[in-house]
Amino acid sequence: MASQGRRILPGLEGTDPDRPPPPLTSDLHVEIFLRVGSPADLARASAACISFRRLISDPGFLRRYRSIHPPLHLGFLSYAEEGFQPVEAPHPNAAVARAVARAADFSFGFVPFPIKRCRCRQAWHLRDARDGRVLLECRSITIVDGEECLDLVVCDPVFRSSSFIPSGDMEETSFSVICWVFSGTKLVVFFFSSSSGHWTVGTSTSWNDLGFQEEVDSLSSCQCVHGCFYWKVNYINKLLKLDMNTMELSAHDLPPDHEDEDIVIAESGEGKVAMFSQVGYDTSVKYYNLLQNSSEKSHEWHMRSTIRLPDQYTSECYINGPAEGYIFLAGTPKDEDATHPAFFSLEIKSLKIEGVSGRTSDFQCDVPYFGFPPSMSSRRIQ
């Protein structure tokens with residue numbers, strides 16, 4: 001009788017041992033580091049070993065990282081004399097803000113004064129801040145003929161560098177300037193082209209043609225969103241829109257009871273237009289999306305949500321912004337011993353609200369300051 005054959009399994013001793021994974025190449029490390037969302041975490045990785053630090057400190061890597069990740073909100077610059085007000089703990093950017101405050105010169109004493117100008121040390125005034133760069137303005141009287149001159153300079157307070165606008169090597173650079181003026185009867189938009197050196201009328205219309213039955217007293221809350229300028233028509237429940245592609249001016253209804261509300265127009269996801277509105281002495285902000293039909297001639301506001309300040313704050317919820325995907329709020333603490341408001345940031349994408357600081361300066365006149373840690377900041381003013 002034939003015996004049945006048995007299946008013999010190979011012995012474990014006959015298998016090759018598992019090989020360790022191949023080491024990561026420098027290119028793979030770079031791709032991993034580019035995906036680190038927090039600059040603070042990236043700084044810790046840089047301190048972990050020399051090879052990491054060499055990759056992360058490379059100027060080419062830093063340029064790529066800054067192009068992918070938005071700058072951090074680090075504080076506010078004040079039009080008054082307070083200078084830089086960093087965000088405070090427990091805000092996640094507080095440590096970076098303190099490092100920037102130590103490294104930078106927010107008195108702007110390094111900025112030279114224009115030649116043949118009044119050399120008063122108060123001549124430079126804050127106008128704007130973007131990506132760690134600050135725009136300053138100087139209105140002064142020439143020593144020779146007494147004419148008033150306007151000078152603009154972009155400066156980097158971290159590396160103490162500056163560049164006048166336009167600089168001497170920008171003669172071949174083309175640029176345009178937009179200016180709008182209005183009266184009780186009409187609004188006119190002007191354009192200046194560096195190519196022609198002349199101002200031209202872009203568009204002009206009367207308030208009656210836009211459907212206004214009463215005189216327009218003032219405009220406010222000017223923001224540029226998706227190629228269009230928007231203005232709040234004060235004391236009237238209307239929003240004015242200028243489409244830069246068609247140069248068409250149009251007026252649109254705001255949601256009911258917005259005559260006296262402060263508003264901020266901002267970009268939201270998927271090319272949509274968002275609006276945040278707030279009534280004085282209220283602790284909440286309303287969030288709307290602007291819905292347009294296919295012809296883009298009619299507009300409808302859809303309220304998405306209501307965002308409230310933390311319970312311990314009440315009254316005077318001022319609104320400011322937008323900047324780098326955020327708007328900013330101020331609220332008065334319920335604590336009777338509190339001497340000044342507290343300030344909050346509201347991320348437009350997530351509607352996440354975070355405490356920023358408690359300060360005494362005029363919140364509505366402050367400029368939000370965004371940037372990167374000094375070790376990751378660009379040294380060039382571009």
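The values are calculated or read from the model by the stated rules, or taken from the named source; none is laboratory data. The structure displayed is predicted, hence computed values, not measured ones. Cβ placement follows ideal geometry from the backbone for every residue including glycine, while neighbour counts extend to all protein chains displayed.
Within the range 231-289, the set of residues being assigned to a strand (DSSP E or B), under 25 Å from Phe182 (Cβ atoms) and of a type in the set (Phe, Trp, Tyr) comprises Trp231, Phe276.
Between Lys297, Lys272, the distinction of being modelled with pLDDT under 90, over 17 Å from Ile353 (Cβ atoms), basic (Lys, Arg) and more than 26 Å from the chain's Cα centre (by Cα) belongs to Lys297 only. Suppose we keep only residues that are touching a Phe, Trp or Tyr at 6+ places or on another chain (Cβ under 8 Å) and charged (D, E, K, R) within the range 254-284. Which one would you say is surrounded by the fewest Cβ atoms within 10 Å (Cβ to Cβ)? This residue is Asp260.
Checking each residue in the range 245-278 for being touching a strand residue (DSSP E or B) at 6+ places or on another chain (Cβ under 8 Å) and among the β-branched types (Val, Ile, Thr) picks out Ile263, Val264, Ile265, Val273. Taken across the range 311-326, residues that are in a strand (DSSP E or B), modelled with pLDDT of 90 or more and not polar (S, T, N, Q) do occur, with at least one present.
Being loosely packed, with under 15 Cβ neighbours inside 10 Å and modelled with pLDDT of 90 or more holds for only one residue in Thr200, Thr173, Thr185, Thr205, and it is Thr200.
The criterion of at least 3 residues that are modelled with pLDDT of 90 or more, within 20 Å of the chain's Cα centre (by Cα) and not small (Gly, Ala, Ser) is met by the following helices (runs of 4 or more DSSP H) wholly inside the range 40-141: 59-68, 94-103.
The residues listed here are Val153, Val158; of these, the one that is assigned to a loop (DSSP other than H, G, I, E, B), modelled with pLDDT of 85 or more and under 26 Å from the mean Cα position of the chain (by Cα) is Val158.
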